[in-house]
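Let me begin by presenting the structure, written as structure tokens, before commenting on it.
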Amino acid sequence: MKTRETLPEKMAAVLLTGHGGFDRLEYREDVPVPLPGSDEVLIRVAAAAVNNTDINTRIGWYSKSVSSGTNDGADHGVSPAVDDDGGWSGKGMAFPLIQGADVCGYIVGAGDQVDPARIGERVIVRNLMRAPCDFRPFECWTFGSECDGGFAQYTKAPSVEVYKVETDLTDAELSAVSCAGSTAENLLYRSGVTSGDRVLITGASGGVGSAVVQLAGIRGAEVMAVAAASKADAVKALGADQVILRDADPADIFGHESLDVVIDLVGGEKWAGLLDLLKRGGRYAVAGAIAGPMVQLDLRTLYLKDLTFFGCTFQTDEVFENLIGYIEQGLFKPVVAKTYPLKEIVKAQQEFINKTCFGKLVLIPPAER
């Protein structure tokens, strides 16, 4: 490994020891510092944001045996056996695992095949990594799921998946970009949102939703956002043209067949009504189901209205490149609500689950001893 400094052999990290409750998160200070492979870089983590996928993976929510919403087992885990398919890819997980899909840090080491000039760069990691799957379409690894992620003092990743970003954003702000920002950009990219489109965003006060509000505005769309009353003003300040309270019926406000696109992060029992809002030829894109993954579809609505559905996980290279461009142009800025020391990950996840804050919650690893 190429490096410019003496690196420790052990580090602080949070290990996920299995599916379940908060007791499965183990903070330790004797975890070996990872050694980068020939095409990888070693990153000293400056900040790592909390995301829904961290909770979902911990509790095994991605298993097909689970039909409840994300929060139903968020503190204690879900009751069915999920070991065989508890990962987002439909496969079992390997434990112990260092989670953390979002990371901002500094390259401190490089493998033999990596240009040593990269050492010192401030970077973020593309959370849906294509290199481990030889860049095959619709295949990827999630950073912090199929490999160790950013809830540690050090992490490693393929050099090609690690992006230098030139921006005035703080480390905490930059750590809140990758997962939520790329998911948001992917939803808009895949559904073809463009200038003049009327777009409704559910869950607009969350990390992904608030990013969609900003990024849809960059495209010139008319942005309608669904949010709780306590967060409506904050969502409006991000650029939403109109904020609809979560308990309201959008059909009473907009009328049927009035919208071009629905960006959905919620699912649940109100799902069918979203399709009624779409014009003929409308587009529906989804990347989350915090209110529940099981919905009821009238196929006549789908085919008689010529609707198009987009399930959005895999991202082409353009998606992350677009996101980096928006950041470096000063067009997109993630909202950070609060930071926590890494060892207080349980407290951070509890606040995340309670959704009392507007903006991202970020974990800060300890300074080197």
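The values are calculated or read from the model by the stated rules, or taken from the named source; none is laboratory data. Predicted, not measured: the structure shown is a model, and the values here were computed from it. Here Cβ is always computed from backbone atoms with ideal geometry, including for glycine, and neighbour counts include all displayed protein chains.
Working only within region 197-233, note down all residues that are touching a residue at least 40 places away in the same chain (Cβ under 8 Å), in contact with a strand residue (DSSP E or B) (Cβ under 8 Å, 6 or more places away or on another chain) and charged (D, E, K, R).
Residues satisfying the conditions are ASP197, ARG198.
Could you tell me whether region 134-156 includes any residue that is buried (at least 21 other Cβ atoms within 10 Å of the Cβ), in the same structural domain as GLU40 (by TED's automatic domain parsing), touching a residue at least 40 places away in the same chain (Cβ under 8 Å) and farther than 24 Å from THR17 by Cα?
Scanning region 134-156 turns up no residue that is buried (at least 21 other Cβ atoms within 10 Å of the Cβ), in the same structural domain as GLU40 (by TED's automatic domain parsing), touching a residue at least 40 places away in the same chain (Cβ under 8 Å) and farther than 24 Å from THR17 by Cα.
Residues checked against (1) at pLDDT 85 or above; (2) of a type outside the set (Val, Ile, Thr); (3) outside the structural domain of GLU26 (by TED's automatic domain parsing); (4) more than 26 Å from ALA172 (Cβ to Cβ):
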| residue | (1), (2), (3), (4) |
| --- | --- |
| ASN56 | yes, yes, no, no |
| SER63 | no, yes, no, yes |
| SER68 | no, yes, no, yes |
| ASP72 | no, yes, no, yes |
| ASP75 | no, yes, no, no |
| VAL78 | no, no, no, yes |
| VAL82 | no, no, no, yes |
| GLY86 | no, yes, no, yes |
| ILE98 | yes, no, no, no |
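Only residues in region 256-276 that are touching a residue at least 12 places away in the same chain (Cβ under 8 Å) count as the first member; pair them with residues that are of a type in the set (Phe, Trp, Tyr) and surrounded by fewer than 23 Cβ atoms within 10 Å (Cβ to Cβ), Cβ under 6 angstrom, at least 6 apart or cross-chain, and list the lot.
Hits for this filter: VAL262/TYR284.
Of (1) without any contact (Cβ under 8 Å) to a residue 60 or more places away in the chain; (2) over 20 Å from PHE358 (Cβ atoms), SER191 satisfies all except one. Which?
It fails just one condition, (1).
Looking at region 98-111, can you tell me whether even one residue there is of a type in the set (D, E, K, R) and surrounded by fewer than 21 Cβ atoms within 10 Å (Cβ to Cβ)?
Within region 98-111 (the criterion being of a type in the set (D, E, K, R) and surrounded by fewer than 21 Cβ atoms within 10 Å (Cβ to Cβ)), the answer is no, since none of the residues qualifies.
Keeping to region 6-33, report how many residues are under 28 Å from ARG118 (Cβ atoms) and either touching a Phe, Trp or Tyr at 6+ places or on another chain (Cβ under 6 Å) or not assigned by TED's automatic domain parsing to the domain that holds PHE352 (or both).
Adding up the residues that qualify gives 3.
Just checking, how many residues over region 116-133 are exposed (fewer than 13 other Cβ atoms within 10 Å of the Cβ) and within 20 Å of the chain's Cα centre (by Cα)?
Here the count works out to 0.
What is the one condition in (1) at pLDDT 95 or above; (2) assigned by TED's automatic domain parsing to the domain that holds THR155 that ILE324 does not satisfy?
(2)
Here are some residues: ALA229, ALA248, ALA225. Which one is on the phi < 0 side of the Ramachandran plot, surrounded by 24 or more Cβ atoms within 10 Å (Cβ to Cβ) and not polar (S, T, N, Q)?
Numbers: ALA229 fails: surrounded by 24 or more Cβ atoms within 10 Å (Cβ to Cβ); ALA248 fails: surrounded by 24 or more Cβ atoms within 10 Å (Cβ to Cβ).
Result: ALA225 is the single residue among ALA229, ALA248, ALA225 that is on the phi < 0 side of the Ramachandran plot, surrounded by 24 or more Cβ atoms within 10 Å (Cβ to Cβ) and not polar (S, T, N, Q).
Can you tell me which residues in region 166-191 are in a loop (DSSP other than H, G, I, E, B) and either crowded, with 23+ Cβ neighbours inside 10 Å or in contact with a strand residue (DSSP E or B) (Cβ under 7 Å, 6 or more places away or on another chain) (or both)? Full working, then the answer.
Residues of region 166-191 in a loop (DSSP other than H, G, I, E, B): 166-170, 176-177.
Scanning region 166-191 gives ALA176, VAL177.
Based on what the data block shows, is LYS347 in contact with an Asp or Glu (Cβ under 9 Å, 6 or more places away or on another chain) and either assigned by TED's automatic domain parsing to the domain that holds THR142 or charged (D, E, K, R) (or both)? Steps first, please.
Numbers: in contact with an Asp or Glu (Cβ under 9 Å, 6 or more places away or on another chain): no; either assigned by TED's automatic domain parsing to the domain that holds THR142 or charged (D, E, K, R) (or both): yes.
Criteria not met by LYS347.
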